[in-house]
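The values are calculated or read from the model by the stated rules, or taken from the named source; none is laboratory data. Predicted, not measured: the structure shown is a model, and the values here were computed from it. Because the Cβ atoms are built from the backbone with ideal geometry, glycine has one as well, and the counts that use them run over all protein chains shown. Accessible surface areas use protein heavy atoms only, side chains included; no ligands, DNA or RNA. Shrake-Rupley method; radii C 1.70, N 1.55, O 1.52, S 1.80 Å.
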Amino acid sequence: MRYAVLVTGPAGAGKSTFCSALLTHLHTAKRAAHLVNLDPAAESGEYEPAIDIRDLISLPDVMDELGYGPNGGLVYCFEYLLQNMDWLEEELGGYEDDYLIFDCPGQIELYTHHPFLPTLARHLSRLGMRVSATYLIESQFMEDKYKFFSGVLSAMSAMVNLEVPWINVMSKMDLVTSSSEDAASGRNGVRARKDIARFLDPDPLLLVSAPGSREERTERHSKFHALNRAIVQLIEDHPLVSFLPLDLTNPDSIETVLSHIDYTMQYGEDEEPREPADLDEGDFADME
């Protein structure tokens, strides 16, 4: 059984860094894992991709030859990939019982509006792969409640669009500190654990200012007041999104995220025990 993990999220969320850390963690655990790059504009990273969309088509070539901008070029690259899925199928053919980590581009429309990734996920499933997805937003979103809830809504939209087992991750938690005495280490803010919990399990009341406060009076007369109330109601009615905190400096944090991904895909549940290679040689030869 092969397993596919689609690593998605907006630009700057730390997707490629997470892919590298996850690969390192899997290799340390003696698990077969490989990187699949689906970003036609990617730069070289820590790991060389086993499969790379740039071998089929690259964003710079599309922009130079067709005169497209970055966004239009990315859409064209994915349209081209879907028209040449036999190429991807051939590239994937050499991997069995492997963990394939798909590093996806940071154009948010690819997850929330376009059918490209849902089509890709269905194709991978037809190839007999178990597919899941992770959606990363960075901890800096907690500094602006409106930016944070835009991230929550984009995660919700992507979940509904892709229709695969899903894990939401709050990345770069090493840049958040809960100690006011060590504020310098918290580049993305100083927050109490109770406060962080309201973001990891999004509390829609974060959008609502304290009754009677100046902010509340200002918001009440804002043209966006009704919209904010509707968003609060939507999140309360459909509490689909919660986040796992990810601190890449802490191996336990990576293991926690990995264990949730494994669980969503039922990793290893139908695997047969493998006979160690040294059972038929050396000290064990007489046991046959």
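Would you mind counting up the charge near residue 119? Only other residues with Cβ under 15 Å from its Cβ, with Lys and Arg at +1 and Asp and Glu at -1.
Details: positive: 122, 126; negative: 79, 86, 89, 109, 163.
Spelling it out: positives minus negatives among the neighbours equals -3.
Roughly how big is segment 1-123's charge dipole about its Cα centre, with Cβ charges of +1 (Lys, Arg) and -1 (Asp, Glu), in debye to the nearest 20? Spell out each step's value before the answer.
On the way: 6 positive and 19 negative charges, 122 e Å.
Around 580 debye, computed over segment 1-123.
Tell me which chymotrypsin sites (Phe, Trp or Tyr not before Pro) from segment 48-94 have a DSSP coil assignment and no more than 16 other beta carbons within 10 Å of their own.
Numbers: sites: 68, 76, 78, 80, 87; in loops: 68.
Passing both the DSSP loop test and the Cβ count: 68.
Please identify the trypsin sites (Lys or Arg not before Pro) of segment 6-94 that satisfy two criteria: DSSP loop assignment and at most 12 other Cβ atoms within 10 Å. Which are they?
Of the trypsin sites (Lys or Arg not before Pro), the ones in loops of segment 6-94 whose Cβ has at most 12 other Cβ atoms within 10 Å are 30.
Taking loop as defined by DSSP and a crowding limit of 15 other beta carbons within 10 Å, which GluC sites (Glu not before Pro) in segment 66-141 fit? Please list the in-between numbers first.
Numbers: sites: 79, 89, 90, 91, 96, 109, 138; in loops: 96.
Answer in residue order: 96.
For 174, 103, write out the residues from largest to smallest accessible area, computed with a 1.4 angstrom probe and no ligands counted.
Numbers: 174 60, 103 15 Å².
Largest to smallest exposure gives the sequence 174, 103.
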